[in-house]
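The values are calculated or read from the model by the stated rules, or taken from the named source; none is laboratory data. Keep in mind that this is a model prediction, so the values were computed, not measured. No Cβ is skipped: glycine too gets one built from the backbone with ideal geometry, and neighbour counts run over all protein chains shown. Note: areas computed on protein heavy atoms with side chains; ligands, DNA, RNA excluded. Shrake-Rupley method; radii C 1.70, N 1.55, O 1.52, S 1.80 Å.
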Amino acid sequence: MKISLQILKPLLLKTGLVSEEQFNQALELSKRTGQSVSDLLISKGVITKDYLVDLLSKFFNTPRVKVSSKDIDFSILNLVPEDIARAHNAIIFDKKDDYIYLAVVDPTDLESINFIQRYTGLQAKVFLTTDDDLKSAFALYRKQLTENFSNIIEETLRKISIADDMDLAEAASDMPIVSLFDTIIIYAYSLNASDIHIERLEEAILIRFRVDGILREITRLPKEVHNALVARVKILAGLQIDEHNRAQDGRFKYHKGDDSFDMRVSILPTFYGEKINMRLLLGSTKPLSFEELGMESDTARIINENIKRSYGMILVTGPTGSGKTTTLYSVLNKLNRPEVNIVTVEDPIEYELRYVNQVQVNPKAGLGFANGLRSILRQDPNIIMVGEIRDSETAGIAVNAALTGHLVLSTLHTNDATTAVPRLLDLGVQPFLAAATINAVIAQRLVRKVCRNCIESYKLAEETRKSIERQYKNSPFKKKDYVIPSELYRGSGCKICNNTGYKGRVAIYEVFNVSEEMRNYMQSKSFSLDGLRELAGKEGMVSLFEDGMRKAQTGLTTIEEVFRVVKE
């Protein structure tokens, strides 16, 4: 929230929720990290975003609005072009007679409000919204592209003319091919897709997007444009345009108007031709707070306790695309203080954190996780983040770093939290070293959130109830004190969520908090994974399924989503 400190400080101190010491600490950290004081107080859990917006709404006598959930008519939206709306952090969401309804994040920014009034020739009724909500609302501009996508693709294809003897680089630079590629990228961006798949079939090119974790077919293109499209991607990513028989990986920054984001590219030779996967690394304007990630209070408390330690390991596990990096950056943001030296080695660097020393893995230059980690240890670090522990060499160095006074954060590919222990043992870490260094292991999955615009409750079907009961009974944590609800929630489908019933994603978590009894058991001769899980259950560990059920019962997600990501 872009509110002046002269207004913000007395307003927050008056509530009693924020002390002067807390405010001043946030102010100092703000100068170091570049984040606003209000965002830092929210990320530390001192206040919530909703509470702050309600407070400002009352103070400025300005009503609140959730503009991203509004079904805005394009004729009203286009009263102000997207570039002007973004430049002034404001968006028109309705019009009545000679008045426009204007959503802003800073009601004191009279210069922007007056500019939009002059631009439209209409008086503005001002409403207050959050910066996140406003950012989501800007995506509504791109819904026009969504509605016209097929027409744009069809029109572009008519203009493409690729001669048999045309050079690949020349074909890739042909304006219709450039336009076709840009249209696919912008459409994916408008849908908040995480990945774009361009696949060569026998008879056509298949375009699929992964949206909220689910892969969807978007369109099919004539196979004749395949080589030019692949060449276009290779040129942008700095790959070998004439190499067709081996996998290639690259990266480029995509610019479109005021928007820019990184694209991570993977090209794989398949039977009918090269397949392209492009991941949209949209990043975030700021690391999310634990609350924004979806952590329940008990989960956040355990993690907060463990990150206060000066040494040891905190691991985050889960499959590719489950949000592990986002969680690690939220942890790093909490640890980012002037008195600590934080160094990371990553592949790739997906977010940028101010005053954190980030190292990009570069295999061509001989810089991998293991030797990158060795170099980091000579940089006098307090906190180390290793993007992933993939091999025994990296595991060994990370464990030794955790033993010698460093707090080490990393990711590991395992199905759940407790399996991280035998995985480290498989990588050659001695049991007594694993027991001495592991502080906590976080496992996570991403589930789709129920659309808040069309959420509804429903009575639980008997078959669903039985499935929930079976999942509890089969839990390795041997829990018996469970309650199955009679009513849950779902989205009925609306324009806002494209009739899916879902909009956005949230994480579900389980945290394996290593106690002294567990450390002793991990290095005993009787150690087994089942025994470790039973011990964790006795100490109150909440499983992924249980955390998912908590979110399903509050209407944050659906039971179907929980089953989709955790059912055994």
key: In Å, descending, principal axis extents of the Cα set of the stretch 321-479   = 60, 41, 34
Shape metrics for the stretch 1-144, restricted to C-alpha atoms - Rg then Dmax, Å = 16.2, 49
Listed residue (I214, Y355, F60) projecting farthest to the positive dipole end of the chain, Cβ model = F60
request  = Find how much the distance from Y51 to R301 grows on full extension, using 0.36 nm per residue of separation minus their present alpha carbon separation; answer in nm with one decimal.
outcome  = 87.9 nm
remark   = Per the rule of 0.36 nm per residue minus the C-alpha distance, extending E517 to L27 adds in nm 172.3 nm
remark   = With a ≥ b ≥ c from the Cα gyration tensor eigenvalues, square-rooted, and the rule rounded for a/c under 1.5, otherwise prolate when a/b > b/c and oblate otherwise, the stretch 178-326 is prolate
note = Largest first and rounded to whole Å, the semi-axes √(5λ) derived from the alpha carbon gyration tensor of the chain read 39, 33, 26
request  = State to the nearest 20 debye the size of the charge dipole of the chain about its Cα centre, where the only charges are +1 on K and R beta carbons and -1 on D and E beta carbons.
outcome  = 1140 debye
query = Taking every eigenvalue of the Cα gyration tensor of the stretch 523-568, multiplying by 5 and rooting it, what semi-axes result, largest first, whole Å?
reply = 29, 12, 5
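Using a Förster distance of 60 angstrom, determine the FRET efficiency expected from the C-beta separation of Y272 and R452, and round it to 0.05. Write down the numbers at each step before the final one.
Values: r = 42 Å, r/R0 = 0.71.
That gives a FRET efficiency of 0.90.
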note = Per the beta carbon screen (other Cys under 4.7 Å), unpartnered cysteines of the chain come out as none
note = The ratio Rg/Rh over the Cα atoms of the stretch 54-134, Rh being the Kirkwood inverse mean 1/r radius, stands at 0.92
message = How much length would be gained if the chain were fully extended between L425 and R374, taking 0.36 nm per residue of separation minus their Cα-Cα distance, in nm to one decimal?
response = 16.3 nm
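Using only the Cα atoms of the stretch 454-538, what semi-axes does the equivalent ellipsoid have when each is the square root of 5 times a gyration tensor eigenvalue? Give whole Å, largest first.
Values: eigenvalues 283, 61, 17 Å².
The answer is 38, 17, 9 Å, longest axis first.
For the chain, what does the accessible surface come to per residue with a 1.4 Å probe? Please give it in Å². If you can, show how the numbers build up before the last one.
Details: 26460 Å² over 568 residues.
I get 47 Å² per residue for the chain.
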query = Which whole-angstrom value gives the distance between the alpha carbon centres of the stretch 506-532 and the stretch 424-456?
reply = 12 Å
Positive-end extreme of charge dipole, the chain - chosen from S75, A552, I384 (charges on Cβ) = A552
inquiry  = Counting only protein heavy atoms and a 1.4 Å probe, tell me what percentage of the chain's accessible area is made up of carbon and sulfur.
reply    = 47 percent
query = Tell me, what HN-Hα J-couplings in whole Hz come from the Karplus equation 6.51 cos²θ - 1.76 cosθ + 1.60 at θ = phi - 60° for each residue of the stretch 79-94, using x for Gly and Pro?
reply = 4, 10, x, 4, 5, 6, 4, 5, 4, 9, 6, 8, 8, 8, 10, 6
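So what's the back-of-envelope 222 nm ellipticity for the chain, counting only DSSP H runs of four-plus at -39500 (n - 2.57) apiece and dividing by all residues, rounded to 500?
For the chain, the value works out to -12000 deg cm²/dmol.
To the nearest 20 Debye, how big is the dipole of the stretch 191-300 about its Cα centre, given +1 on the beta carbon of each Lys and Arg and -1 on that of each Asp and Glu? Before the final figure, lay out each step's value.
Details: 16 positive and 18 negative charges, 95 e Å.
Rounded to the nearest 20 debye, it is 460 debye.
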ask   = Can you give the Rg to Rh ratio of the stretch 296-344, both from alpha-carbon atoms, with Rh computed by the Kirkwood formula?
value = 0.96
inquiry  = Please report the antiparallel percentage of DSSP beta bridges with both residues in the chain, rounded to the nearest 5.
reply    = 65 percent
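With r defined as the distance between the Cβ atoms of K58 and S526 and R0 fixed at 45 Å, what FRET efficiency is calculated, to the nearest 0.05? It would help to have the intermediate numbers written out before the result.
Numbers: r = 61 Å, r/R0 = 1.35.
So the FRET efficiency works out to roughly 0.15.
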key: Test item: Cα-centred dipole of the stretch 465-504, Lys/Arg +1 and Asp/Glu -1 on Cβ, debye   = 140 debye
remark   = Computed over all unlike Cα pairs, the Kirkwood hydrodynamic radius of the stretch 1-79 in Å stands at 14.1 Å
ask   = At a Förster radius of 30 Å, what calculated FRET efficiency corresponds to the Cβ-Cβ distance of D249 and I84, to the nearest 0.05?
value = 0.20
query = Given T500, L460, Y482, which one lies farthest toward the positive end of the charge dipole of the stretch 444-523, if we put +1 on the Cβ of every Lys and Arg and -1 on the Cβ of every Asp and Glu?
reply = T500
